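Here is the structure we will look at.
The values are calculated or read from the model by the stated rules, or taken from the named source; none is laboratory data. It should be emphasised that the depicted structure is a prediction, and the values quoted were computed from it without experimental measurement. Quick reminder, even Gly has a Cβ in these numbers, built from the backbone with ideal geometry, and neighbours come from all protein chains shown.
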Amino acid sequence: MRSWVPPAPCGRPAQQSRTQVMIVTGPFSSGRQAPRLPRLPTPPSGWPIGSYATYEEAQRAVDYLADKEFEVEDVTIVGVDLMLVERVLGRLSWAKVLGTGAASGAWFGVFIGVLLSLFDPAQGFSYVPLLVGLVAGVVFGAASAAMGYAFTRGRRDFSSASQLVAGRYDVLCQPRTAEKGRDLLARLAMGSHG
């Protein structure tokens with residue numbers, strides 16, 4: 001069963017609130033800001049044409065609109081009821097902290113060692129700067145990880161990953177094309193793609 005929630009009645013704009021704007025670029029975008037986007041954080045505008053439980057569903061709805069040659073430039077996906085979710089990945093121990101610190105320091109040390117050996121005035125490639133960089137990276141990586149873990153004094157003996165998620169995702173559309181967008185998304189929800 002699809003989780004499409006009927007939008008607010010036509011003619012009523014979406015509730016406006018103070019939000020921060022985060023520009024997310026796609027894999028084929030240049031990373032530059034689009035000309036129609038506001039430079040300062042601005043609340044979203046438009047009428048709700050659909051509401052979805054997950055971002056994937058909202059993204060699929062906008063993709064469906066694009067496939068139907070709808071003016072997707074008028075569409076905005078808005079995450080509502082934001083929450084920070086912290087997923088616990090595992091227990092931390094001194095061995096894990098020192099091991100991951102040493103490994104991450106080793107990679108940085110090898111990188112610095114390769115750079116030093118490339119610019120070494122001696123003839124040919126020398127392994128000495130590479131080994132010095134590796135050893136120094138392991139030592140400094142383990143030491144910095146140990147200091148960070150020691151400062152927690154056992155209050156945080158786990159590793160985690162944080163994610164910002166929304167309770168629902170509303171698809172808003174500018175009034176001039178909202179009715180057409182709402183009709184298309186209703187067809188998607190009913191399962192007729194014609």
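Quick one: would you say residue 181 is outside the structural domain of residue 105 (by TED's automatic domain parsing) and in contact with a Cys (Cβ under 6 Å, 6 or more places away or on another chain)? Reasoning before the result, please.
Values: outside the structural domain of residue 105 (by TED's automatic domain parsing): yes; in contact with a Cys (Cβ under 6 Å, 6 or more places away or on another chain): yes.
In short, yes.
Considering the stretch 117-134 alone, what residues qualify as being touching a residue at least 12 places away in the same chain (Cβ under 8 Å) and either of a type in the set (Gly, Ala, Ser) or exposed (fewer than 14 other Cβ atoms within 10 Å of the Cβ) (or both)? Spell out how you get there, then give the answer.
Applying the first criterion (touching a residue at least 12 places away in the same chain (Cβ under 8 Å)) to the stretch 117-134 yields 117, 129-134.
Listed by number, the residues that qualify are 117, 133.
Would you be able to say whether some residue in the stretch 172-194 is more than 13 Å from residue 50 (Cβ to Cβ), among the small types (Gly, Ala, Ser), surrounded by 11 or more Cβ atoms within 10 Å (Cβ to Cβ) and in contact (Cβ under 8 Å) with a residue 12 or more places away in the chain?
For the stretch 172-194, residues more than 13 Å from residue 50 (Cβ to Cβ), among the small types (Gly, Ala, Ser), surrounded by 11 or more Cβ atoms within 10 Å (Cβ to Cβ) and in contact (Cβ under 8 Å) with a residue 12 or more places away in the chain: absent.
Checking the structure you have, find out if any residue of the stretch 80-98 is assigned by TED's automatic domain parsing to the domain that holds residue 46, over 23 Å from the mean Cα position of the chain (by Cα), under 30 Å from residue 183 (Cα atoms) and surrounded by 10 or more Cβ atoms within 10 Å (Cβ to Cβ).
Checking the stretch 80-98: not a single residue is assigned by TED's automatic domain parsing to the domain that holds residue 46, over 23 Å from the mean Cα position of the chain (by Cα), under 30 Å from residue 183 (Cα atoms) and surrounded by 10 or more Cβ atoms within 10 Å (Cβ to Cβ).
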